[in-house]
Structure formats: C-alpha cells, structure tokens
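The values are calculated or read from the model by the stated rules, or taken from the named source; none is laboratory data. Just so it is clear, the model here is predicted, and its values are computed rather than measured. Ideal geometry is used to build each Cβ from the backbone, glycine not excepted, and the neighbour counts take in all protein chains shown.
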C-alpha cells in the first residue's frame, strides 16, 4: 500500500482543481485523481464566457489546463484513474482504484461531479460543444435568434426551455409522452411562454450534421404513429437529468434519493475528514464558478481539520 497522504482529491474539474490549488498552497501536497472524465464538464465545453477574469472568453479545456498547471506549480500531484471502492469507516481512509491499487489518506475531498444523462444517439457525442449541450446557462447565449430544441419532461427541461427563450427565436420542447414529470407551476410557466412549442409523444432518432461539424437539424419520430420527419435546429439541449458520481460511497456517506451528497454544513459530509465540492453535491447552480468556490471551501475545511489534529 502506498504512503499515507494528507489530502486526496477525487476529480479534476473546477472544484477539484481549485481544491488542489488551495491545499497545495497550504503545503499539504495533495494527490489528485483525475477521474473517468478528466477535466469534468468543462473538458467538453468549447467557449466559456461567464468565468470571471476572461473578458474575451476562454475555451473550457484551456481553463481547466490553466487551473491544473497552477495547482502543480504549488506541488499538487495529478494521477490518472478513478476510485471504485472506499472504506470510510476508519481513519486513515482507504481508497481502491480501478486497477486494484490502494491508497490511504487522512482527509478526502470528493469533487467527482455529476455526469449529464445523454440520449445515446449515433452522433450526439460527436457534436457536444458544436450545437449539443446539457447546460442552457452555459451555452444559451450562443443561440441568439436561432432555432433551439430542448429534450426532457421534468422541471429542469421546463427551466432550460424558459431560460433559452431569452436568446432563441423559438424553442421546441420535445418529450417522449404527453405526461410530464415537471411540477405544475413549472409546466404552466413553459406552456404560457409564447416562444415555446411543445412536441409530445416524440423522440429524437438522430442529430445532423457531423459532416459539417455542427448541429443543423434532427430526425424526429412520433412514438404513437411511427411517423418520422426532419426539423432544422441550431442548438440542441439535453435536459433529462444528471447522475452524481457517488457510487463508491453508497452506504457510507449521506446521499439524497438521487445520489447527491447531503451537506452537513459548509463543505462537510456526515463523516469527519471527508469533504464535498462542486456538482457532486450541488444540484441547483452547476456552474464553473460555484464549483471553484466549493473547491476553495473544501480545501480550507481540510486544512483546518488537519491543523486541529496536529498534521
């Protein structure tokens, strides 16, 4: 088993990288495991225009790379891999990686994020960042006066569709049935918005056009009649929820019914010495800047925890 670490950070998005910067500057020599989506959601985002300090905007992967280099400058160590098992019942905590390696740590910062649910369409992944998105507040601005489509039937889909009407010429909301999981108030708000068109009992079969390198339209299918047709679209937003990456901690950390970590004040979890940061706990804001702020909080909590124990 490897040597004992002061701080292990799981995840290398905005939350994990910011936690790494702060703990490294505190001379705690953090070890960061980059996870199965190195760089987090920003690694699949093209232009980021709402992160403070970049008046001309910055590409998501570039922003992540800057953060990583900043953390490494102060002594953070980055390794590929993700944790698949964790024993949080006693300290130091024991973490097991997918290759079977085990490591022990005095404190743990979980910044594993939440992965967007996708439709798993043939061309969906190829067009992420080129018209396909899972974040209206991140990317809505790029579709001013354009045709936008939102997929989903829950509160988040209604919220995204309403938000996108600020930018788009028209927003088509596609749902596979005519029954919605959305709350009555959110559904009514969307129905009362003149710029939102509801297309129900319909699924998306494909997204065009990979050959052009950006979204130009979709193929739709009515699930009741079997009829298929094409529709021109510039922006395609998938709003069918997120999956928090908390599987290794089930039964140990307090999680809500959807798997998000339940906060016990600040960045603390129900287990002393284990802290959360970013989308793994935040189901409301899900922004790069809030994730970075949460990473800062978790790092300061970990530093104070170790200091109190004399490390």
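All of 171, 215 fail the test of being part of a loop (DSSP other than H, G, I, E, B), under 27 Å from residue 288 (Cβ atoms) and at pLDDT 95 or above, apart from 215. Of all residues in the range 149-165, those being in contact with a helix residue (DSSP H, G or I) (Cβ under 7 Å, 6 or more places away or on another chain) and either surrounded by fewer than 20 Cβ atoms within 10 Å (Cβ to Cβ) or not assigned by TED's automatic domain parsing to the domain that holds residue 216 (or both) number 3.
Anything in the range 292-311 that is under 16 Å from residue 17 (Cα atoms) and either surrounded by 21 or more Cβ atoms within 10 Å (Cβ to Cβ) or touching a strand residue (DSSP E or B) at 6+ places or on another chain (Cβ under 9 Å) (or both)? List them, or say none. I'd like the intermediate steps shown before the answer.
Our first condition is that a residue be under 16 Å from residue 17 (Cα atoms); within the range 292-311, this holds for 292-303.
The answer is 292, 294, 295, 297, 298, 299, 301, 302, 303.
For first residues located in the range 127-148 and free of Cβ contacts under 8 Å to residues at least 24 places away in the same chain and assigned by TED's automatic domain parsing to the domain that holds residue 207, partners that are surrounded by fewer than 21 Cβ atoms within 10 Å (Cβ to Cβ) and outside any helix (DSSP H, G or I) and lie 6+ apart or on another chain with Cβ distances below 6 Å do not occur.
Only residues that are surrounded by 24 or more Cβ atoms within 10 Å (Cβ to Cβ) and in a loop (DSSP other than H, G, I, E, B) were counted in the range 1-27, giving 3.
Filtered by the rule that a residue be buried (at least 17 other Cβ atoms within 10 Å of the Cβ) and under 13 Å from residue 43 (Cβ atoms), the range 62-85 gives 63, 64, 67, 68. Just for the range 28-40: of the residues that are modelled with pLDDT of 95 or more and outside any loop (DSSP other than H, G, I, E, B), which one is surrounded by the most Cβ atoms within 10 Å (Cβ to Cβ)? Applying the filter and picking the extreme gives 32.
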